[in-house]
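A quick write-up on the structure given underneath.
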Amino acid sequence: MIGHMAWSVLVVDDDPSFRDLASRILGEMGFEDIAESEDVATAIAQAELRRPQAALVDVGLPDGDGVELARTLAALPWSPRVVLTSSDKDAAAAITARDGEPPVPFVAKEYLANGELRGLLLGDADPG
């Protein structure tokens, strides 16, 4: 548990090995309810069904743009925190904020376990 409640997170990536790795890292960070999706369509369905508090989204997905998916998820009524990721650590340079929207945070896949991801997904919700 993180703080005093179980946090839910949705991991969206077309690589099953990466989804497994990310889920294990998130579990070690204290996330208890971890769902996985391999593409945009499944991610939207999972988000509507499970209402995760956070999502980790790959920039490159087989059926759509991960950046657009991240914006779609962040705009859901319950406002989940969304973080983009990619094996290309330079992908962050191509992600721009739209007028009136906050930028979507980015963490390169190689840096997922360094602790920054936890803070980005939890925001101010973590008391410790």
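Details
- Each residue, Ala45 and Asp20, gets one label point 7 Å from its Cα in the Cβ direction; the gap between the two is 2.3 nm.
- Protein accessible area in region 46-94, 1.4 Å probe - carbon and sulfur %: 48 percent
- About its Cα centre, region 17-63 has a charge dipole of approximately 120 debye under the convention of +1 per Lys or Arg Cβ and -1 per Asp or Glu Cβ, with nothing else charged.
- Think of the chain as having a plus end and a minus end, set by charges on the Cβ of Lys, Arg, Asp and Glu; of Phe18, Leu61, Phe106, Phe106 sits farthest toward the positive end of this dipole.
- Tensor-based shape of the chain (alpha-carbon gyration tensor, a/c under 1.5 rounded, otherwise prolate or oblate): rounded
- For region 15-63: rounded, prolate or oblate by the Cα gyration tensor [a/c cutoff 1.5]: oblate
- Simple point charges give the picture: +1 on the Cβ of Lys and Arg, -1 on the Cβ of Asp and Glu, and for the chain a dipole about the Cα centre of about 380 debye.
- By the helix-only formula, in which each DSSP H run with n ≥ 4 contributes -39500 (n - 2.57) and the sum is divided by residues, the chain has a 222 nm mean residue ellipticity of -9000 deg cm²/dmol.
- Ordering of 104-117, 45-58 by burial proxy (mean other Cβ atoms within 10 Å per residue, highest first): 45-58, 104-117
- Relative contact order of the chain, taken over Cα pairs closer than 8 Å and 6 or more residues apart, is 23 percent.
The values are calculated or read from the model by the stated rules, or taken from the named source; none is laboratory data. This is a predicted model, so every value here is computed, not measured. Every residue, glycine among them, receives a Cβ derived from its backbone with ideal geometry; neighbour counts consider all protein chains shown. Only protein heavy atoms, including side chains, enter the accessible area calculation; ligands, DNA and RNA are left aside. Shrake-Rupley method; radii C 1.70, N 1.55, O 1.52, S 1.80 Å.
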